[in-house]
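To start, the structure itself, in C-alpha cells.
Laboratory data are not the source of any read-out in this text; all were calculated from the coordinates shown. Because the structure is predicted, anything quoted here is derived from the model rather than measured. Counting neighbours? That spans all protein chains shown, and the Cβs are built from the backbone with ideal geometry, glycine included.
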Amino acid sequence: MTQFNRRRFLKTAAMTAGAGVAASSFSLPTFAQDARIRHFWWGNPDRDERTFAVIDIFNSKHPNIFVEGETLGFSDYFTRLTTQIAGGNMADVIQQGYGVLFEYVDRGAVVPLDEWVGNTIDLSKMDQSALDAGTVNGQLYALSIGANSHMAMYNTRLYEEAGFRPGEDFDPYGWTYEDVARIGAAVTDATGTFGTDDNTADYQNFSDFVVQKGGKLYNDDGSYGPTQEIVEEYWETWKMIRDAGATPPGPESAGQVGAEVSQWGIVTGRTATTYAWSNQLVGAQNLMQDTLGAAMFPNTPAMVPGSYIQPSQFICLTRDSANPEAATTYMNAFVNDLDMTKVLGLERGIPSNSEVREALRPTLEGAAATSVEFFDTIQDKVAVLPPPFPTGANEVEQTFERMAVAVLLDQGSISDVARDFLRQAEAILARA
Amino acid sequence: MRDYLQKYGAGYVFLTPWAIGFLGLALGPILASLYLSFTQYDIINAPEWVGLENYEYMFSFDTRFYKSLQVTFAFVFLSVPAKLIFALGVAMVLDKGIRAIGIYRALFYLPSILGGSIAVAILWRQLFNQDGVVNAALGLFGIEGPYWLSDPRYSLYTLVVLAVWQFGSPMLIFLAGLRAIPQDLYEAAEIDAASKPRQFFAITLPLLAPVIFFNLVLQMIEAFKTFTGAFVISGGTGAPLDSLLFFTVYLYNEAFSFFRMGYASALAWVLLIIIAIFTAIAFYSSRYWVHYENERG
Amino acid sequence: MVDVATQSLDDHAAIARALREKKRRSEKRAGLIKHAFLIACTFIMIYPLLWMLSSSLKPSDEIFGSLSLWPSEVMWETYPEGWEGLPVSFTRFFGNSLFVTVLSVIGNVISCSFAAYAFARLEFKGRNIAFALMMMTLMIPYHVVLIPQYLIFLKAGWVDTYLPLIVPKFLATDAFFVFLMIQFFRQLPRELDEAAMIDGCSAFKIYWAIIMPLSLPAVATAAIFSFIWVWEDFLGPLVYLNDINDYTVPLALRMFLSQDSISEYGQMFAMSILSIVPIIIFFIIFQKFIIRGIAMSGLK
C-alpha cells in the first residue's frame, strides 16, 4: 500500500465525515483555477502509454487546461460508461465505436460539435468521408480518430503451399464467393487446414452481401432492408462454400461466433482465412507465426462494392461536460496537433487527417504497412457510407448471429430460419 | 421500557452495523429496482412509468425469457446436487489426517480462485474444443467426442462441469463443519462396532445438517444468479442458440447492451421471487432435517 | 448423545485401545490409496494453473497456435515486462489491492460476526423479518442494483475513492458471511452463554470470549472467502475507481487485452499467476485455523 492511497483514503474519509456530502474529489482545490477535462478511452498497454504521453504534451502546451486520462479494457469500458451516464458524471471526452455511436446520439448522451467548429475545432484537414460518418441529422457529433474497413485475412504460407499467390492466382481485391470456395477447398486438400472460416453467422459479411446485391441494410424509413430472398441466398452461398469442403464442419463454425481474436481459427491454426476488421490485422498477426495477407471481403461476379470505409473509433463530447470549450480544444489537438498525432501513430487505425497520414507513412513496417497499402488500394472499391442505423440495429445484429447458428447446426431449413429472423428483426425495430 | 431494553438491547446493539448498511446501502437500491421495473428506463433519460407493461411483455411475448428460465433451472438442478456431493466427499477425505493437508486444500481450492478470471474463458475453449484436451482424452478410449461448446445439446454440461469443478467454497465450509463434530462420538461408535456408512448417517449427516443446509441454500441462490462463467464462455450472448442464456446473462444484456434497465429490473424481480420461493421451501423443510445444538439444550 | 458416548467410552476403554491399533494399520493402507486419489484429483485441479504458467512463458505467437504445455522457448521476461507493462507499475496495483482487501476482511469479520451473533444468540423483536430482509439482499441480481448504489455513493462524493469498496464491508452488507456464521454459532451449546450470563458476563464478553474463539473454523473460513472475493472483485473497482493509479490488480489484468489492437497475453498470464500468490499465502495461513473444534469436547 502506498502512502498516497492511505492519505487519500483518510482525507476522503475525514472530508466526508466533516463537510458532508458536497465534498467530492471533483472540487479538490489543486486544479480549481484551471479547466479540468477528463478523457476516457478503451485501450491496451501500447495505446494507454501513447495516450497518456499525448495528454502530457497537451497539458504542457495548454497551461490553463488540465486533461486527465482514464482507461480500461474494452470489455469493461461500456459497463463503466453506462454507470456514469446514469450518474451524470461521464468524462468530458469519450471514445465511441461506429456501431454504437448512433444510439448515444439518439438518446442524447453525446452533444453536437457544430458551435465549436471554426472556433476551437479545425476541420480543414479532415477527410470529408470521416466527417460524414460523424454527422447525424446534419449535425457533427464525433471526430474520427481512425478509419476501418472489412478485411479478409489469409495465411500466406498455407495459400502458397496450395499454389495461390495474390495477384497471380487470385485477386485479393476482387475475388468472388466461388473463388473462396475453390481456393478454400484446394487449401484444405493441400494443407489439411480448412481453407476458410464459415461466414454463415458473420453479420459483417452479410451486410456486405446485401449491398453487393443492390440492397440496403436499412430503408430510409428505418425499417429492415434485406428480403427473404437475400437472406436465403446469403446462407445458400455459404452452404455452397461449406459443401465444397472449404470450411470446418458447421458445428465447429458455430463455436466461433463472437470469438475473440485469440480464438480465431486462423490464429489457432484451424483455418487459413478469416474475415474481420482491418484494425484487427496487427493484433492477429502478433499472435501468429505465419504472415497474414490482406484481401477484401469476397463479392459476387457483378463486383458491386459492398464494404465501407468507416471510422473505427470516434472521440465525442458528452452532455456532462462542464467546460465544452476546453474539451473541444483538446479534441481538436487530438486529431490535428502533429506532435500529438505522431505519438498516437496508427494505433487506433488509419488517421482521417491526410497530412497526418503522409507524415506517418515512412515509419511503417510489417502488418501496419500491409494495412496502409490495403487502405490505399480499396479507396475506389468501396460503397458510400449509409446513413446512421436506427436504434435497435445492434440487437438485430446479435439476433442474426444467434439464428444463423441454427443454419450451421442444420436445425431448421434455410428458408424457415430466414423467415424467423426477419420476423424477429421487425419486432426488435418496432420495440426500439 | 427498561425491561424491554434489558431484554432486547444487546440484540439491537449488535445488529446496528448491519441495520445501517441495510437501510443506507441495500434497501434503497432494491426498492429503486422495484420501482424501475414498472418503468421504461434507457439509463440516459429519466425513467417513464409504464405500469405492468414490462411484466406483461415478459410473460406474454418474450420467448427468450422462457428460454432463459429453462436454461437456469436445468443448471440449478444439475449443478447444485453434484457440486454439494462432490464437495462433501472431498471434504471428508481431507478431514482425516493425512500429510501435507494444507497443500491439498489449497490446490483443491485453485479452480475456484481462477474461476472469475478472463483466462477461464480461453481455458474452457482449449479444454472442450473439438481438438481440445477433453476430446483427446476420450480419443484414448476410442470415443469420438462431440462439439462440446458449440452444440446446444452439450454446451450446458460444460458449464455444469465448470461449476462442479469450482467446488472449493462449499468444500471449505463442509470442512469447517466436520471439524466441529466431536471426535469422541466416532470413537464411541467404533466401540459399538457401527459400520462406516452407519457412522456417516448416524453422526456425520445429522451433526453436519446446519452446514449442509447453509451450503444448499447458498449454492442454490448462487446457481440461480450464475453469471461470470456463462457470460465469458458464451461470448456474452448466451450462444450457441441461447443454450447458455442464463437468466442473469439475459438480464445483463437487456440492461447494458440494449439499454432497457426497466425491463431488466422486472426480470430481476421475477428472479428474486423465484429464488425466494425456493429458499422458503428449503427453510420450511429444514424444520424436519436440521436441528441445532442450541435448540436442544 | 454426548453423554451416552462418554459413558460407553469409559466402559470400553480397553477395547478402544485395541481397536485404535487395528485402525492405525488399516489407515496406513487407506492412506496410500487416498494419496493416489488425491494426486489424480490434484492434477485435474492444477491443470489450469500449469496451463497459465506455460502460457505466461511462451512467445505470444505460440500461446494459441500450439496445445503443448512446453514452451519452445522460455520467456521469463514476461514477468518483469508485465510488472511494468502498464502505465502504472504493478507494485502500485498490488499495494492498492492489499489495502482494500485487508481492510475489507477486517470489516467483514467484525461486522458480520456482530450481526450473526445477534441473529443466532440474542433475542429482539423483528428478528425473523430482519433475517428475511437480509436473505433478500442475497437474492437480487447485482446488475440491477449497481446503478442505484452508484448514485448513492456519487451523492456522498465517494466515487473515485476506496470508500465505496471498504465502508460497506464494515456494515455487514455481505449476507453470505452473516448467514454462514449464524449456522456455526447456532451449533454451540446454549449452556455456554447461560453459564456465562449467570456469572455476570455482558453480551459483548460472551461474544468475544466464548462465541468467537469457539467458532474459529467458521471465522477463518469467512476471512479466507472474504479475502479471495474482495481480492478478485473487479466490478466494484471498475465502476468506483477512475484513476489508473487507484486500480486494483484484477482491473489492471484486464487492461492487457485489446479488441482492436495488440494484446499482451503473455504478460497478462504472468501477472495473473502473480496475482494469485497473495491468495495462496493468505489461504495457507488461515486454513490452519480450520481445526478440530473444542466446543463440545470441552463440555465433558
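Computed 3J(HN,Hα) for the stretch B:261-269, one whole-Hz value per residue from the Karplus formula 6.51 cos²θ - 1.76 cosθ + 1.60 where θ = phi - 60°, is 5, x, 5, 4, 5, 5, 4, 4, 6, glycine and proline marked x. Among the trypsin sites (Lys or Arg not before Pro) in the stretch A:176-278, those located in a DSSP loop and surrounded by at most 16 other Cβ atoms within 10 Å of their own Cβ are A:Lys216. Shown here for the stretch B:113-204: GluC sites (Glu not before Pro) in loop regions (DSSP other than H, G, I, E, B) with at most 14 other Cβ atoms within 10 Å, namely B:Glu144.
The long axis of helix A:177-191 is offset from the longest Cα principal axis of chain A by roughly 80 degrees. Axis of helix A:203-212 versus longest Cα principal axis of chain A: the two differ by about 70°, to the nearest ten degrees. A simple rule links phi to the HN-Hα coupling: the Karplus curve 6.51 cos²θ - 1.76 cosθ + 1.60 with θ = phi - 60°, which for the stretch A:245-256 gives x, 8, 10, x, x, x, x, 5, 5, 4, x, 8 Hz, with x for Gly and Pro.
Taking a ≥ b ≥ c as the square roots of the eigenvalues of the alpha carbon gyration tensor, the stretch A:274-395 is oblate, as a/c is not under 1.5 and a/b does not beat b/c.
Can you put A:Arg419, C:Arg20 in order, fewest other beta carbons within 10 Å first?
On the way: A:Arg419 15, C:Arg20 12.
Taking fewest neighbouring Cβ atoms as first place, the list is C:Arg20, A:Arg419.
Taking a ≥ b ≥ c as the square roots of the eigenvalues of the Cα gyration tensor of the stretch B:58-296, is the shape rounded (a/c under 1.5), prolate (a/b larger than b/c) or oblate? Oblate is the answer for the stretch B:58-296, as a/c is 1.5 or above yet b/c matches or exceeds a/b. Report the local net charge at B:Phe174: Lys and Arg +1, Asp and Glu -1, summed over other residues whose C-beta lies under 12 Å from its C-beta. Neighbourhood net charge equals +2. Remark: B:Val217, A:Val117 ranked as A:Val117, B:Val217, counting other beta-carbon atoms within 10 Å and listing the fewest first. Pick from A:Phe170, A:Phe194, A:Phe74: which residue has the top mean-square fluctuation in a GNM of chain A where Cα pairs under 10 Å get a spring? Looking only at A:Phe170, A:Phe194, A:Phe74, the biggest GNM fluctuation is shown by A:Phe74.
Comparing B:Ala46, B:Ala268, B:Ala163 in a Gaussian network model of chain B (Cα springs below 10 Å), the most mobile by mean-square fluctuation is B:Ala46.
Neighbour counts of C-beta atoms inside 10 Å place A:Asp243, B:Asp184 in the sequence A:Asp243, B:Asp184, starting with the fewest.
Using the Cβ of A:Asp198 as centre and a radius below 9 Å, the other residues enclosed give a net charge of -2, where K and R count +1 and D and E count -1.
With a cut-off of 13 Å between beta carbons, the residues surrounding C:Gln287 carry a summed charge of +2, where Lys and Arg count +1 and Asp and Glu -1.
The calculated 222 nm mean residue ellipticity attributable to helices in chain C amounts to -21500 deg cm²/dmol, summing -39500 (n - 2.57) over DSSP H runs of n ≥ 4 and dividing by all residues.
Between the Cα long axis of helix A:393-408 and the first principal axis of chain A there is an angle of about 30°, rounded to the nearest 10. Working note: 222 nm ellipticity from helices only, DSSP H runs with n ≥ 4, each -39,500 (n - 2.57), summed and divided by the residues of chain A, gives -14000 deg cm²/dmol to the nearest 500. Between C:Met136, C:Met75, C:Met52, the Gaussian network model of chain C with springs among Cα atoms under 10 angstrom shows the greatest mean-square fluctuation at C:Met136.
Each of the GluC sites (Glu not before Pro) that DSSP puts in a loop and that has at most 13 other Cβ atoms within 10 Å breaks chain A; the longest unbroken stretch is A:169-364. Between the residues B:Val290, B:Leu207, B:Phe246, the greatest Cα displacement towards the positive end of the dipole of chain B, with unit charges on the Cβ of Lys, Arg, Asp and Glu, is found for B:Leu207. Please work out whether the protein assembly as shown counts as rounded, prolate or oblate from its C-alpha gyration tensor, where a ≥ b ≥ c are the square roots of the eigenvalues and a/c under 1.5 means rounded, while otherwise a/b larger than b/c means prolate and anything else oblate? It comes out prolate by the Cα gyration axes. Relative contact order of the stretch C:79-299: 33 percent, from C-alpha pairs under 8 Å at least 6 residues apart in sequence.
For the stretch B:1-109, applying the loop criterion from DSSP together with a ceiling of 11 other beta carbons within 10 Å to the trypsin sites (Lys or Arg not before Pro) yields B:Arg99.
Take every DSSP beta bridge whose two residues both sit in the protein assembly as shown; close to 65 percent of them are antiparallel.
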